[in-house]
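Structure first, then comments.
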Amino acid sequence: VSLTLKKYNPKRLVVFSRDEMKQWEMAKKFNDPRIRFFIGDVRDKERLHRALHGVNYVVHAAATKIVPTAEYNPFECIKTNINGAMNLIDACIDQKVKRVVALSTDKASSPINLYGATKFASDKLFVASNSSYASGHETKFSVVRYGNVMGSRGSVIPFFISLKDQGVLPITDDRMTRFMISLEQGVDLVWHAFKDMLGGEIYVKKIPSMKITDIAK
């Protein structure tokens with residue numbers, strides 16, 4: 001939100017999420033009349049329909065994304081990551097949104113866990129919605145896919161930092177690697193997709209791979 005407000009001057013920027021506390025903190029931080037806050041859930045199509053009225057561009061970032069959480073709560077993961085994607089696609093088409101960029105993950109490539117599988121399915125929905133689904137609409141859909149956003153909630157770097165005073169960092173397999181990207185690079189890729197897309201692309205940014213042992217050190 002802060003990067004978008006700096007680079008562009010949108011008439012209105014809608015923050016749509018379930019987290020009232022985060023929205024309250026954001027409202028105090030920004031105090032900007034261009035920002036609107038909607039409490040809502042991508043599982044609720046009617047609420048999405050209302051929130052998207054008059055909106056031109058959508059960044060779809062809603063996801064149940066913690067891998068073990070998805071394994072233990074598979075129905076909940078599917079409701080948000082797959083059903084939520086379908087609801088958003090329908091609402092965007094109905095409200096004549098111009099362009100939609102959906103955030104994906106490297107875990108959607110050859111998925112081995114439920115989170116990756118749901119995001120793989122979600123990516124397929126967004127790509128297919130350009131042509132085979134409700135053909136003739138004006139909305140363009142694309143996907144951006146990257147690795148671990150450094151410092152993001154639930155990711156490995158904050159986890160390691162929280163344990164650093166204990167002197168022991170848990171590593172499942174020392175051969176494991178992580179693709180790393182900064183938050184600013186991730187946002188730049190979304191902006192690039194909005195400018196470049198014709199609809200149906202999956203953008204994959206070339207980013208460095210790091211060994212988990214190097215990150216731990």
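Before moving on, here are some points about what is shown:
- Of the residues in the stretch 48-61, not one is open to solvent by 40 Å² or more (accessible area, probe 1.4 Å), among the aromatic types (F, W, Y) and more than 19 Å from the chain's Cα centre (by Cα).
- Qualifying residues in the stretch 144-163 (those that are of a type in the set (G, A, S) and surrounded by 16 or more Cβ atoms within 10 Å (Cβ to Cβ)) - the one nearest to L88 (Cα to Cα): G147
- Within the stretch 164-202, considering residues that are open to solvent by less than 40 Å² (accessible area, probe 1.4 Å) and over 23 Å from L5 (Cβ atoms), the one modelled with the lowest pLDDT: M180
- Yes/no for K205 being farther than 21 Å from K107 by Cβ and open to solvent by 30 Å² or more (accessible area, probe 1.4 Å): no
- Here is the figure for the stretch 11-22: residues that are over 17 Å from T64 (Cα atoms) and either of a type in the set (S, T, N, Q) or surrounded by 14 or more Cβ atoms within 10 Å (Cβ to Cβ) (or both) total 3.
- If only residues of the stretch 77-94 that are open to solvent by 70 Å² or more (accessible area, probe 1.4 Å) and not aliphatic (A, V, I, L, M) are counted, the one that is nearest to R153 (Cα to Cα) is K79.
- Restricting the stretch 122-143 to residues that are surrounded by 13 or more Cβ atoms within 10 Å (Cβ to Cβ) and of a type in the set (S, T, Y), the residue that is modelled with the lowest pLDDT: Y133
- Flag if V42 is surrounded by 13 or more Cβ atoms within 10 Å (Cβ to Cβ) and out of contact with any Leu (no Cβ under 7 Å at 6 or more places or on another chain): no
- Where a residue in the stretch 193-217 is of a type in the set (K, R) and its partner, wherever it lies, is assigned to a helix (DSSP H, G or I), with Cβ under 8 Å and at least six apart: K205/Q185; K205/L189
- Members of the stretch 104-121 found to be touching a strand residue (DSSP E or B) at 6+ places or on another chain (Cβ under 7 Å) and open to solvent by less than 40 Å² (accessible area, probe 1.4 Å), listed by number: S104, T105, A108
- Qualifying residue in the stretch 14-22 (condition: in contact with a Lys or Arg (Cβ under 6 Å, 6 or more places away or on another chain), hydrophobic (A, V, I, L, M, F, W, C) and at pLDDT 95 or above): yes
- Scope the stretch 16-69; condition among the charged types (D, E, K, R) and in contact (Cβ under 8 Å) with a residue 40 or more places away in the chain; matching residues: D41, R43, D44, K45, K65
The values are calculated or read from the model by the stated rules, or taken from the named source; none is laboratory data. These numbers were taken from a predicted model, which means no experiment stands behind them. We place every Cβ from the backbone using ideal geometry, glycine too, and count neighbours over all the protein chains shown. Accessible surface areas use protein heavy atoms only, side chains included; no ligands, DNA or RNA. Shrake-Rupley method; radii C 1.70, N 1.55, O 1.52, S 1.80 Å.
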